[in-house]
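The values are calculated or read from the model by the stated rules, or taken from the named source; none is laboratory data. Source: prediction; values computed, not measured. Ideal geometry is used to build each Cβ from the backbone, glycine not excepted, and the neighbour counts take in all protein chains shown. What goes into the accessible areas is simple: the full protein's heavy atoms, side chains included, and nothing from ligands, DNA or RNA. Shrake-Rupley method; radii C 1.70, N 1.55, O 1.52, S 1.80 Å.
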Amino acid sequence: MRRIISALSKWALSSPLHSFIPRVSYLWVEKSVVAKTVPMAHQEMEAHLKDKFLNSLSMKDKSISKIPGYHQFQEIKKLLEVMFSSSTPADPSVRDKLYKLNNLLTECKMLSRKHCFNSPEELITIHRIRRDLRRIKKEIQAIVSKEASTRGNSTEERNTRDSSSADIDILRWTTRAVDATKVYGFDDEVLSMENLLLKKGSDVHQFKAVGIVGRDGIGKTTLGQLMFNKEEVKKDFNPRIWVCMARHPDEDKDEDLKVAIVKRMLKYLGVEEAVVKSVCDVKPGLEGLLCALYLQLLGKRYLIVLDDGRETDSWYKELDSSLTHDKKWGDSFGFGFPKDSGGRVIVTSRNEELANIMVGKENVHHLEPMLDNESCWAIFKDSVDKVLLPANHSTLEAELKLEVKQKCGGLPLAAKMMGHQMTEQARKEQEQEKTTSHQGIMDTPVT
């Protein structure tokens, strides 16, 4: 048990919370230089990037197995070997994925060289990297499956598709049921949100919008999911839709993000794709889409969560605004929300400026890092292998609680990642001990 506290104590307490590893960009510079000085064909460039990635994962460097996301990188390595086994893939997005993978791998190497445990911001960075790797793996699996289908390799396609289905990560694109018993430190925030959503009064039929803002890993999406799935909310609002405002990896990257968001909302409200297409044919752009959204919500007590807002654009401002005779439907996002049936909108964002212009500064709720040891400890306990925790030793547990609180900086996601990291580290140490023990037996001379 002392070893656990000792390991936690190695955390770089002196490192400021903002000293996280920035995204590595030198490979993008390399891309530009190569393009200007060495006129390589696209296929040669992809082969070069693929070899660079695979060689970097070579076990010649024994420290490579210690990087965050090592097993995810290995899974992607196998997929790339399959993809390039017969010929260079025709999909034009492969090159960008290879650049991204090399960047992520370099970033992970830098993280692993710093120290045993990472700062809160570094833990959030590791979480982001693993999320990116899951997405890239899914996209590569889709490419492999498509090319296998083109070649008639039905067995390979089926295996790839089965693997992809098992690996699909919901992430932010839809909401999921949240186990309320495993959400800690949000009691005051839940009461505040319940007051907004469920309180009955003279303004019950008025439109209301609220913003939830805070730094990465603070729990904005979790709080939104918790409220979205409450039984009282389910009974009081129909329809309820969860909409991510970030660019979806499967959507057309050339399409205006505003158009993509409204299309997404119509889809989640049950409007068929053919109907959306016909709306765009009659009235192209946002004008027809926002009018359709308004009609779809008219007369309904709806709840819409707009998660992970990013773009600061005047089009998003004042969700409580209504269409006037001197305006057009497409002029403002707010025109798509009927205002007289008790509709509610929740906006979550790291961008406080965006939340302010969307819902009004007075309606923005700020999430702050957790101040109590117990909430951080509870999140950590749910994430760590229980055999690593002290059994019936109140002094050691109190010390560990304090260490966890200090190391995670009060960020729920950092506390969770800290538990995962400790479990992963302990598993690696056990594997190394088994290997060393086995090697010792093999080296023992027979008498």
(request) Name the one entry in V279, V305 that is within 25 Å of the chain's Cα centre (by Cα), farther than 30 Å from K97 by Cα and crowded, with 17+ Cβ neighbours inside 10 Å. (result) V305
(message) Quick check on region 269-281. Is at least one of its residues in contact (Cβ under 8 Å) with a residue 12 or more places away in the chain, within 26 Å of R350 (Cβ to Cβ), part of a helix (DSSP H, G or I) and not aromatic (F, W, Y)?
(response) no
(message) Just the residues that are more than 14 Å from D331 (Cβ to Cβ) and not in a helix (DSSP H, G or I), please, taken from region 283-303.
(response) P284, L298, G299, K300, R301, Y302, L303
(message) Against the condition modelled with pLDDT of 80 or more and charged (D, E, K, R), how does K97 come out, does it pass?
(response) yes
(request) State which residue pairs qualify: first residue of a type in the set (D, E, K, R) and inside region 224-245, second residue open to solvent by less than 10 Å² (accessible area, probe 1.4 Å) and part of a strand (DSSP E or B) in any location, beta carbons under 9 Å apart, and separation of 6 or more residues or different chains. (result) D236/L303; R240/L303; R240/I304; R240/V305
(message) Considering only residues that are open to solvent by 10 Å² or more (accessible area, probe 1.4 Å) and under 23 Å from the mean Cα position of the chain (by Cα), which ones fall in region 193-225?
(response) V210, G214, R215, D216, G217, G219, K220, T221, T222
(message) Kindly evaluate S145 against the criterion of being over 25 Å from the mean Cα position of the chain (by Cα), among the hydroxyl-bearing types (S, T, Y) and modelled with pLDDT of 65 or more.
(response) no
(message) Tell me yes or no: at least one residue of region 350-372 is of a type in the set (S, T, N, Q), in a strand (DSSP E or B) and closer than 18 Å to C244 by Cβ.
(response) no
(request) From the list T175, T155, pick out the single residue that is of a type in the set (V, I, T), modelled with pLDDT under 80 and under 30 Å from P92 (Cα atoms). (result) T155
(request) Return the residue satisfying two criteria in turn: it lies in region 408-431 and is open to solvent by less than 20 Å² (accessible area, probe 1.4 Å) and of a type in the set (A, V, I, L, M, F, W, C), and of such residues it is modelled with the lowest pLDDT. (result) A426
(request) Could you check, for region 205-213, whether at least one of its residues is among the hydrophobic types (A, V, I, L, M, F, W, C) and part of a loop (DSSP other than H, G, I, E, B)? (result) yes
(message) Let me spell it out: the conditions are (1) open to solvent by 50 Å² or more (accessible area, probe 1.4 Å); (2) at pLDDT 65 or above; (3) not charged (D, E, K, R), and N102 meets all of them except one. Which number is the exception?
(response) (1)
